[in-house]
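Here is the structure we will look at.
The values are calculated or read from the model by the stated rules, or taken from the named source; none is laboratory data. Everything numeric in this text was worked out from a predicted model, so none of it was measured. Note that we place each Cβ from the backbone using ideal geometry, even for glycine, and neighbour counts take in every protein chain shown. The protein model used for the area step is the full one, side chains on, heavy atoms only, and it has no ligands, DNA or RNA in it. Shrake-Rupley method; radii C 1.70, N 1.55, O 1.52, S 1.80 Å.
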2 protein chains.
Amino acid sequence: MYKLYEYPPSGNSYKVKLLLTQLGRPFEAIPVDILKGESRTPEFYAKNPNGRIPILELDDGRTLSESTAILWFLADGSQFLPDDAWLRAKVLQWLAFEQYSLEPNVATARFWLKYAGKSQEELGERLKIWREAGAAALALLDEALGTTRFLVNDQYSIADICLFAYTHVAEDGGFSLLHHANILSWIERVRSQSDFVPMVTRWP
Amino acid sequence: MYKLYEYPPSGNSYKVKLLLTQLGRPFEAIPVDILKGESRTPEFYAKNPNGRIPILELDDGRTLSESTAILWFLADGSQFLPDDAWLRAKVLQWLAFEQYSLEPNVATARFWLKYAGKSQEELGERLKIWREAGAAALALLDEALGTTRFLVNDQYSIADICLFAYTHVAEDGGFSLLHHANILSWIERVRSQSDFVPMVTRWP
């Protein structure tokens, strides 16, 4: 059975958990309290030298990090990742966009404000940069969802799982979704998928 | 024939150019001067709403952005991306690591200092953050290269192409490679691959 090392309120962890659940794959979730330094131990670095969750561990002990790589590995061959080369490229384009343009801004603002307990004043200029770049990423997503029900080929895929994770809790980082009607209706479509499970937002 | 919209000194553009060359695929390179706002025009946004290079354009006008997605799309089925599911996951882990932990620090410091002409003083606290995080990413890469000639399965792949692009010019951003002997010897191994082409570092 797979092991998933996760920080429960992390969207990157949640993406993997949602996909595993929708694939019907049993897994053992192992919480890692990153605020208590549990991802900075020799044992954790042996599993991921980059010291980040999530990590997927196979039965033979091999480990895979980076949520993008884990999603791709798990979804390949399933209904959550198309077979067509161009559609696969478009899914990966969305996964890369999320990790470069959305997550470092939307998720980072959320983490420091809601989980690490920093004030807006303490974050200062950095928060301003995250807010501007994160708002631009959300606006792009909203525009893309104006012409399609799901991000790639109108079919629910790991692109939707990936973008959903931090977008649907963007308000935790101070981002408003009120004027992003396309995102709001897509969030409801994602939530209505079979075997959907919600994200843990309070922990421990 | 493929069109590649690129900013010539960009490592993200160079990755694609190096792969296309090593695949023996002819392409038309179309320079985009991002410092002159050429990636902020309606025509450019129509090709990539995120306003970023590189973009790969097919003969029928379809466009793909995000260097990770472009590399994957082009390399799939070639010697530069393994067939085995686990090895593919490891390649994607490296591509995701590069875009999340290395490029936003090593490439960003290089861009602002060398191409946008900012001083260290102007960049201030941001430069300090890039330097610390970039140095950590380079140290991780050096350690990984201590036990293998190339990043995945000891075979040259898009993981090496991707990590090589900004690592081999990291000194432009103020990062020292002097104590990273594994990186230095790997750089020479990458340079000795068939059909290797160097990166453009002065432009126009």
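The sole residue among A:Tyr7, A:Tyr14, A:Tyr45 that is open to solvent by 60 Å² or more (accessible area, probe 1.4 Å) and not small (Gly, Ala, Ser) is A:Tyr45. Take B:Leu58 and tell me if it is open to solvent by 10 Å² or more (accessible area, probe 1.4 Å) and either acidic (Asp, Glu) or touching a helix residue (DSSP H, G or I) at 6+ places or on another chain (Cβ under 6 Å) (or both). So B:Leu58 does not fit the description; no.
The residue pairs whose first member lies in the range A:143-156 and is surrounded by fewer than 17 Cβ atoms within 10 Å (Cβ to Cβ), whose second member is among the β-branched types (Val, Ile, Thr) and assigned to a loop (DSSP other than H, G, I, E, B), and whose beta carbons are closer than 6 Å, counting only pairs six or more residues apart or on different chains, are A:Asp154/A:Thr148. For the range B:172-204, the set of residues classified as open to solvent by 60 Å² or more (accessible area, probe 1.4 Å) and either modelled with pLDDT of 95 or more or within 21 Å of B:Ala133 (Cβ to Cβ) (or both) consists of B:Ser176, B:Leu178, B:His179, B:Ala181, B:Leu184, B:Glu188, B:Arg191, B:Ser192, B:Ser194, B:Asp195, B:Pro198, listed by residue number. Filtering the range B:166-204 to residues that are of a type in the set (A, V, I, L, M), in contact (Cβ under 8 Å) with a residue 24 or more places away in the chain and over 19 Å from B:Gln99 (Cβ atoms) leaves B:Leu177, B:Ala181, B:Val197, B:Val200.
Condition test on A:Leu81, is it in contact with a helix residue (DSSP H, G or I) (Cβ under 7 Å, 6 or more places away or on another chain), modelled with pLDDT of 95 or more and closer than 28 Å to B:Thr108 by Cα? Spelling it out, it is not the case that A:Leu81 is in contact with a helix residue (DSSP H, G or I) (Cβ under 7 Å, 6 or more places away or on another chain), modelled with pLDDT of 95 or more and closer than 28 Å to B:Thr108 by Cα.
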